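All remarks here apply to the structure that follows.
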Amino acid sequence: DSLLVAPIFNEESTAEYYLPKGTWTNYFTGEKKEGGSWYTEHCLYLEIPLFVKENSIIAMNDAANKPDYDFADGVTLKAYALVDGVAATTTIYYMKANLQFTASITKNGKEVIIKADAKKPFSVLLAHETACAASGNAKLTQTEKGTLVSFSAGCECKVTLE
């Protein structure tokens, strides 16, 4: 329920799609669009419109080279268009639906509170945000996609945005 994929069904590579109300972020480019209306755009051969709903966390893991990898080890939680005062949450499961960890991210003005009960290293990408400080054992790294906040295990951390 956090992603919207707009398939292209014509030879002209024209995508026509409706974004429901709210802020939607293009997963590939970071461009934000307001929902509640229709959009039309031309796409290149290997492009497809993929949008992330506001206040969503998308869990990604670069170790996903086989189906039975450890989902929680080294996972990156990508947080998109956080809404002030509303917690975004996610749960990571392992095989056979075993709970690995839960996380919540809440933005309050220029402060982002990250809480997680992870037992393994993980990171949070505050997509398209720039942070200047973090509390606790968090390590900040600026990337072209936003601020990466890295942890060695579970945490409760406050990140200050610029």
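See the values below:
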item: Backbone N under 19 Å from the residue 152 label point (7 Å along Cα→Cβ), restricted to the range 105-130; result: 115-124
item: 1.4 Å probe accessible area per residue over the range 85-162, in Å²; result: 52 Å²
item: Solvent-accessible heavy-atom area per residue, rounded to whole Å², over the range 8-74 at 1.4 Å; result: 65 Å²
item: Solvent-accessible area, 1.4 Å probe, carbon plus sulfur percent, for the chain; result: 52 percent
item: Overall Cα dimensions of the chain, principal axis frame, Å, largest first; result: 51, 39, 25
item: Proximal charge balance of residue 39 [Cβ under 12 Å; K/R count +1, D/E count -1]; result: -3
item: R0 of 35 Å, Cβ-Cβ distance residue 84-residue 47: FRET efficiency to nearest 0.05; result: 0.65
item: Most mobile of 98, 61, 26 in a GNM of the chain (Cα contacts under 10 Å); result: 98
item: Under 18 Å from the Cα of residue 120 - lysines, other chains or at least 8 residues apart; result: 78, 139
item: Principal axis dimensions, largest first and in whole angstrom, of the range 46-91 by Cα; result: 36, 30, 12
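The values are calculated or read from the model by the stated rules, or taken from the named source; none is laboratory data. Bear in mind that the values here come from a model prediction, so they are computed numbers and not experimental data. Backbone-built Cβ (ideal geometry, glycine too); neighbour counts: all protein chains shown. Each accessible area value is taken on the protein alone, full model and side chains, heavy atoms only, with ligands, DNA and RNA left out. Shrake-Rupley method; radii C 1.70, N 1.55, O 1.52, S 1.80 Å.
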